[in-house]
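Everything on this sheet refers to the single structure shown next.
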Amino acid sequence: VISGLLSKSFPQLTSVDLTYCKQITYSCLSSLANSSSKLTFLDLSFCYLITDTGLSALAKSCTQLTSLRISRCNLITDTSLSYLDNSWPQLTFLNIRHCHLITDAGLTALSDSCSLLTTLDLSFCKQITDTGLFALSTSCTQLTFLDLRGCNQITDTGLSALSTSWSALTQLDLS
């Protein structure tokens, strides 16, 4: 049903929430990308079959995205974060909670393109370390919200980068 709907043209569509649509695949995202180029908000949380290839299709066509939620998309890797560099420079909200394949390399790629990012949820991305925080601290200076819950490899050294680089930060979750 969803893939058939997404294959229709919705030229004015700006917001799509597909949370818990567990059967969404590359072909669905490709159809969405081809029919909805004005998307600014997309939630793919708990879409377990989403891969870097699917996000690549979106990155090529949906260039106005400002908010992306891919929480618990367990097949997403650092490669997806590299798409942000040229495709979504106006991204202000990114939730990659529980994306266990995201590493410091992904945060380094993200740091190249996140100058407008204000909200970042990295909770339970267990491979992230101080190195990733240092990379983000150099360019993501607009962050007002950062969630690092369950990022057990972050140390006091990494947190010191927060205090010197992110003066706009108003909410920090380390629980």
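The values are calculated or read from the model by the stated rules, or taken from the named source; none is laboratory data. Bear in mind that the values here come from a model prediction, so they are computed numbers and not experimental data. The accessibility values were calculated without ligands, DNA or RNA, using every heavy atom of the protein model including side chains. Shrake-Rupley method; radii C 1.70, N 1.55, O 1.52, S 1.80 Å.
Any idea of F10's accessible area? Nearest 10 Å², probe 1.4 Å.
For F10, solvent-accessible area is about 70 Å².
With θ set to phi - 60° and the Karplus curve 6.51 cos²θ - 1.76 cosθ + 1.60, what are the ³J(HN,Hα) couplings of region 55-70 in order, to the nearest whole Hz, using x for Gly and Pro?
In residue order, the calculated couplings are 5, 4, 4, 5, 4, 6, 10, 9, 7, 9, 4, 10, 9, 9, 10, 10 Hz.
Specify the inter-centroid distance of region 85-163 and region 14-66, based on alpha-carbon positions, in whole Å.
A separation of 21 Å, based on Cα centres.
In the chain, how many lysine pairs have Cα atoms under 22 Å apart, counting only pairs 8 or more places apart or on different chains?
On the way: K8/K22; K8/K38; K8/K60; K38/K60.
For the chain, the number of qualifying lysine pairs is 4.
So what are the ³J(HN,Hα) numbers for region 34-46, from phi and the Karplus equation (6.51, -1.76, 1.60; θ = phi - 60°), rounded to whole Hz, Gly and Pro as x?
6, 10, 9, 6, 9, 4, 10, 10, 9, 10, 10, 4, 6
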